[in-house]
Ligand code: NAD
Ligand code: UDP
């Protein structure tokens with residue numbers, strides 16, 4: 001297969017590119033590096049079948065030759081990133097998604113949209129099945145991301161129903177692992193960086209809010225399964241093991257052996273109180289379920305951060 005991965009130099013994209021190459025696919029990785037790092041795919045450059053192209057997918061783009069699948073991951077994804085890049089985030093979800101869809105339609109390729117659990121907003125239903133329509137503030141600080149993804153889902157659905165495009169939508173829940181940027185502002189990377197540096201772990205609110213954290217290898221298996229299927233989705237991909245932010249801080253401190261204290265900071269506006277995927281659909285349609293327990297995944301991630309550039313200032317700002 002020849003697969004185009006937009007946002008392929010980012011955290012999830014780089015793992016997806018690697019997994020595709022591992023199984024013998026040809027990969028065209030498109031990225032503008034607004035939140036991703038070329039270094040994430042540097043080791044892939046030497047591999048046959050890998051092409052890296054710097055491009056902004058909100059403008060017209062093309063790749064030569066036949067294409068079998070387009071996986072559209074390009075979008076800022078962490079709350080500080082999309083707060084810093086509000087218009088770019090809206091464009092990536094709207095124009096970027098449409099351009100990626102057009103490429104897929106022109107080539108008769110399968111299209112995969114990486115949507116998000118954020119379409120559920122601060123959910124009034126728990127855990128969240130795909131049939132739940134969500135509780136999103138359209139003018140809040142998270143709206144540029146949440147509404148862009150909701151629009152992207154509507155657009156993808158319209159291409160399927162109106163043009164017969166072969167599309168699939170996955171809704172990804174909080175995913176973590178190696179190659180997260182130490183300063184991306186997401187909770188797992190932030191706590192690990194802080195613990196390794198011996199600086200206070202910044203827990204927002206009282207830390208009783210929950211998330212369900214999925215290890216990146218599990219998530220990528222789910223992306224591949226959806227890419228290889230013809231299902232429309234949406235399909236939730238995430239690990240249903242739910243954890244409070246306070247407990248996550250405790251786990252990171254235990255696994256790093258860090259003496260760092262915990263410091264409580266104000267809870268950001270519209271921060272969802274709880275989040276947990278109902279993955280019955282993924283089990284049934286894709287035969288997919290996560291396998292890596294939080295403790296194992298965080299241990300692997302800590303090991304990567306301990307070797308990596310956690311002390312290096314972030315070129316994208318914190
Ligand atoms: P990331 O920021 O590491 O990767 C996103 C990549 O997209 C970056 O390399 C960035 O430079 C690139 N990009 C952004 N706008 C672009 C544009 N206009 N043109 C070309 N490239 C562009 O984030 P990630 O965690 O790897 O997320 C990847 C995708 O998965 C995103 O669409 C995100 O919404 C979705 N997702 C991720 C999570 C998660 O927990 N990581 C959860 C839900 C959804
Ligand atoms: N969070 C925290 N300290 C941090 C960063 C995040 O307590 O330094 C909290 C944040 O308020 C949220 C949870 O951790 O309740 C997950 O945040 P993240 O940004 O990783 O993901 P999202 O909010 O998008 O699910």
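Values for this structure:
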quantity	calculated
Answer from 176, 151 - the residue that is within 15 Å of ligand 2 (Cβ to nearest atom) and either touching a helix residue (DSSP H, G or I) at 6+ places or on another chain (Cβ under 7 Å) or farther than 21 Å from residue 267 by Cα (or both)	176
Any chance residue 171 is in a loop (DSSP other than H, G, I, E, B), crowded, with 23+ Cβ neighbours inside 10 Å and within 13 Å of ligand 2 (Cβ to nearest atom)	no
Residue in the range 84-104 that is at pLDDT 95 or above, more than 13 Å from ligand 2 (Cβ to nearest atom), in a loop (DSSP other than H, G, I, E, B) and under 25 Å from residue 184 (Cβ atoms) present	yes
Some residue of the range 283-291 being within 14 Å of ligand 1 (Cβ to nearest atom) and more than 17 Å from residue 186 (Cβ to Cβ)	yes
Evaluation of residue 124 against (1) touching a strand residue (DSSP E or B) at 6+ places or on another chain (Cβ under 6 Å); (2) assigned by the TED database to the domain that holds residue 80; (3) away from ligand 1 (no atom under 15 Å from the Cβ); (4) touching a residue at least 40 places away in the same chain (Cβ under 8 Å) (one fails), failing number	(4)
Residues being within 10 Å of ligand 2 (Cβ to nearest atom) and farther than 22 Å from residue 284 by Cβ - total across the range 207-225	6
Every residue from the range 68-80 that is within 14 Å of the chain's Cα centre (by Cα) and crowded, with 22+ Cβ neighbours inside 10 Å	71, 72, 73, 74, 75, 76, 77
Hits in the range 56-74 (condition: within 17 Å of residue 90 (Cα to Cα) and not in a strand (DSSP E or B))	56, 57, 58, 59, 60, 73, 74
Some residue of the range 138-146 being in contact (Cβ under 8 Å) with a residue 40 or more places away in the chain, touching a strand residue (DSSP E or B) at 6+ places or on another chain (Cβ under 6 Å) and either not assigned by the TED database to the domain that holds residue 33 or not in a loop (DSSP other than H, G, I, E, B) (or both)	no
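The values are calculated or read from the model by the stated rules, or taken from the named source; none is laboratory data. It should be emphasised that the depicted structure is a prediction, and the values quoted were computed from it without experimental measurement. With ideal geometry, Cβ positions are generated from the backbone for all residues, glycine too; neighbour counts draw on all protein chains shown.
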